[in-house]
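Trainee: Take this structure first; my questions come after.
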Amino acid sequence: MNYFSTRGQVEPVGFADAVMMGLGNDGGLLLPVSIPAVTDRLEAWRQLDYPSLAFEVLRLFVNTEDISDEELQTLVTRSYATFDHPEIAPVVPVGDIYVMELFHGPTLAFKDFALQLLGNLFEHILARRGQRLNIVGATSGDTGSAAIAGVRGKGNISIFVMHPHNRVSPLQERQMTTVLDDNVHNIAIEGTFDDGQRIMKALFNDLGFKQDYSLGAVNSVNWARVAAQIVYYFWGAFRVQEATGAAAVQCSVPTGNFGDVFAGYLARRMGAPITNLVVATNENDILSRFFATGVYSRSTVVPTLSPSMDIQIASNFERYLYYAVGEDSKRLCGLMAAFAEAGEIALSPAAPGCMDPGMRTGSCDTAATLSTICGYHEAAGYILDPHTAVGVEVGARARKEEEVPLLCLATAHPAKFAAAVTEAIGEAARHPALDALTTLETRCAVLPATEAAVREHITSTLA
Ligand SMILES: *Cc1c(COP(=O)(O)O)cnc(C)c1O
């Protein structure tokens, strides 16, 4: 499979180049030149265990010159061997819905599905090319640990992750700083998350430094992350079909950067038995407003109980928009430029994609998040994390037809968000891996929030 950019200025590249490029060199996002149709394979695929299904889905997107079938099989097996549940993504009935637990990976959140694979892909591609990669990232606390867990101990890779000193939760901090592998470098900067982002941008904008030190990013738009996430839409739909005998399911997805739900969109177009997707947002509702009205307009980010979805500009949305405007790069570029300038664009409601019959939507506020956690705990004895609760609440409200079973994606373990869960049900959820963090050794450099200090730290560490 080859890849092109939504903005039309990247010559088609193979899978390995797409993975190494991340963001398109023209500022656009990479997409496969065709969407494979797999309807004739569904019966065979539903027999497979998770790693075997992941191999079958991913090989459609990989070029065998870059990664042979045997190699891909090894990478996939290794990526999901770190999960603590034999089914990898168990689907459980909870009251009148099905919940797909995507939190059995090393950091107890769904990003592990993509980042465990991405770390192994990087290692494989770098070894073949005789290259190194030094990943630099800034985190507000939430996604840094999944990136670290993805590349810890991998050959030819180092990772530097900045977090704001004393401004992330103790648990988030420990999920990062207790990773003691030689190639993992945590930096607590004496400033805010925005300072971290600013420093990171400054380092990447110094093209000489970026090249000399082989800097790269693990950003949410890497194609491999989307590809890895396509797998569990097939998996989850099959499991619900087995349980209910239904011809198809609908999936509700708590959404921030639109990466997860975009993978569902592709799975549906490939032929997964999914009637429609529900795009569920918290109060940061730019995406639900778009799917309801056709207007994509920025407002300010408000902090909520589901911080991983506290996003106004959804980095993966451009991929969907490209299809919504009829695969017209010129029109897409115009819209992105207009959005950058005015903070608002409108697709006419008649345009394909707007009022997309495959996309339902809604948003869920703090009170409804808490009452949903409480309600499912009381009625079904099941604890939802606040992100999952947003998907469940909106899914139940926006589901298309009552008869079609509803599959809700559980994106984090409830023990990761103890404060919200305690507020909802009066007690915290527990997880042994998180309890164990408090006794582990940590390593972290504390640095002033300046580009010079971070640059000096990187160069001396890599010397
Ligand atoms: C990242 C994240 C989301 C949002 O996923 P997107 O792909 O950004 O839409 C939802 N829940 C949790 C727990 C997350 O970490």
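Every number here is computed from the coordinates shown, using simple stated rules; none is lab data. Treat the numbers as computed from the prediction; the structure is a model and nothing was measured. Here the Cβ positions follow ideal geometry from the backbone for every residue, glycine too, while neighbour counts run over all protein chains shown.
Trainee: What's the center-to-center distance, using Cα atoms, between the range 263-279 and the range 389-463 in Å?
Mentor: 26 Å
Trainee: So for the range 301-400, averaging the separation of alpha carbon pairs under 8 Å that are six or more residues apart and normalising by length, what relative contact order in percent results?
Mentor: Numbers: 71 pairs, mean separation 25.7, N = 100.
Relative CO of the range 301-400 lands at 26 percent.
Trainee: Now for a separate question. R0 = 35 Å: FRET efficiency of Glu451 with Ser68, Cβ-based, nearest 0.05? Show your work: numbers first, answer last.
Mentor: Working: r = 42 Å, r/R0 = 1.19.
Given R0 = 35 Å and the Cβ-Cβ separation, E is 0.25.
Trainee: For the range 199-278, run through the trypsin sites (Lys or Arg not before Pro) and keep only the ones in DSSP coil with at most 12 other Cβ atoms within 10 Å of their Cβ. Don't skip to the answer; put the middle values down first.
Mentor: Values: sites: Lys201, Lys210, Arg225, Arg239, Arg268, Arg269; in loops: none.
When the trypsin sites (Lys or Arg not before Pro) of the range 199-278 are filtered for loop state and at most 12 Cβ neighbours within 10 Å, nothing remains.
Trainee: Using each residue's phi in the range 278-285, evaluate 6.51 cos²θ - 1.76 cosθ + 1.60 at θ = phi - 60° and report the 3J(HN,Hα) Karplus result to the nearest Hz, with x for Gly and Pro.
Mentor: My calculation for the range 278-285 gives 10, 8, 10, 10, 8, 5, 7, 10 Hz in order.
Trainee: Still on this structure: Please list the non-local residues whose amide H lies under 5 Å from the amide H of Arg360, H modeled 1.01 Å from N, same-chain partners needing a gap of 5 or more.
Mentor: Close amide H contacts, sequence-distant or interchain: Leu277, Val278, Val279.
Trainee: Taking the alpha-carbon distance from Lys210 and a cut-off under 27 Å, which lysines remain once sequence neighbours fewer than 8 residues away in the same chain are dropped?
Mentor: Answer for Lys210, where 27 Å is the Cα cut-off: Lys111, Lys154, Lys201, listed by chain and number.
Trainee: Please list, in order, the residues from the range 429-452 whose amide nitrogen is less than 13 Å from a point placed 7 Å along the Cα→Cβ vector of Glu190.
Mentor: From the range 429-452, the list is 446-450.
Trainee: Measuring from label point to label point, each 7 Å out along Cα→Cβ, what is the Phe209 to Glu11 span in nm?
Mentor: Between Phe209 and Glu11, the simple spin-label model gives 3.1 nm.
Trainee: Give the aspartates and glutamates reachable from Lys400 as a straight Cα distance under 19 Å; neighbours fewer than 8 places away on the same chain don't count.
Mentor: Reachable aspartates and glutamates: Asp96, Asp356.
Trainee: Also, quick follow-up: In deg cm²/dmol, rounded to 500, what helix-only [θ] at 222 nm does the chain give when every DSSP H run of at least 4 residues adds -39500 (n - 2.57) and the total is split over its residues? Could the numbers behind the result be given before it?
Mentor: Details: 19 runs with 205 residues, N = 463.
Using -39500 (n - 2.57) per qualifying helix, the result is -13500 deg cm²/dmol.
Trainee: Listing Leu277, Leu266 from the residue with the fewest other Cβ atoms within 10 Å to the one with the most, what is the order? Spell out each step's value before the answer.
Mentor: Details: Leu277 27, Leu266 22.
Going from sparsest to densest Cβ surroundings: Leu266, Leu277.
Trainee: Count the net charge of all other residues whose Cβ sits under 13 Å from the Cβ of Val76, scoring Lys and Arg as +1 and Asp and Glu as -1. Present the calculation step by step, with values, prior to reporting the outcome.
Mentor: Values: positive: Arg59, Arg78; negative: Asp49, Glu56, Asp69, Glu70, Glu71.
Result for the local shell: -3.
Trainee: Sticking with this one: Before anything else, pin down the relative contact order of the chain: Cα pairs under 8 Å, at least 6 apart, normalised by residue count, whole percent. All intermediate terms of the calculation are to be shown ahead of the outcome.
Mentor: Numbers: 911 pairs, mean separation 82.9, N = 463.
So the answer I get is 18 percent.
Trainee: Indicate, rounded to the nearest 5 percent, the antiparallel portion of the DSSP beta bridges found entirely in the chain. Don't skip to the end; give the middle numbers.
Mentor: Values: 12 of 48 bridges.
So the antiparallel bridges in the chain amount to around 25 percent.
Trainee: In what sequence do Thr293, Thr177, Thr369 fall when counting other Cβ within 10 Å, fewest first?
Mentor: By the 10 Å Cβ count, ascending, the order reads Thr293, Thr177, Thr369.
Trainee: Quick one: what are the phi-derived ³J(HN,Hα) couplings along the range 238-249, Karplus 6.51/-1.76/1.60 with θ = phi - 60°, whole Hz, x for glycine and proline?
Mentor: 4, 5, 5, 4, 4, 6, 10, x, 5, 6, 7, 10
Trainee: Can you work out the Karplus-derived ³J(HN,Hα) for every residue in the range 119-133? Use 6.51 cos²θ - 1.76 cosθ + 1.60 with θ = phi - 60°, whole Hz, and x for glycine or proline.
Mentor: Coupling constants for the range 119-133: x, 5, 5, 4, 4, 5, 5, 5, 4, 4, 8, x, 10, 10, 9 Hz.
Trainee: Set the Förster radius R0 to 25 Å, insert the Cβ-Cβ distance between Glu242 and His431 as r into 1/(1 + (r/R0)^6), and round the FRET efficiency to 0.05.
Mentor: On the way: r = 28 Å, r/R0 = 1.11.
Taking R0 as 25 Å, the efficiency between Glu242 and His431 is 0.35.
Trainee: Estimate the FRET efficiency between Thr461 and Glu401 by the formula 1/(1 + (r/R0)^6), using the beta-carbon distance for r and 60 Å for R0, to the nearest 0.05. Show your work: numbers first, answer last.
Mentor: Numbers: r = 56 Å, r/R0 = 0.93.
Once rounded, the FRET efficiency stands at 0.60.
Trainee: Considering only DSSP states other than H, G, I, E and B, which GluC sites (Glu not before Pro) in the range 362-435 qualify as loop sites with at most 11 other Cβ atoms within 10 Å?
Mentor: Of the GluC sites (Glu not before Pro), the ones in loops of the range 362-435 whose Cβ has at most 11 other Cβ atoms within 10 Å are Glu401, Glu402, Glu403, Glu427.
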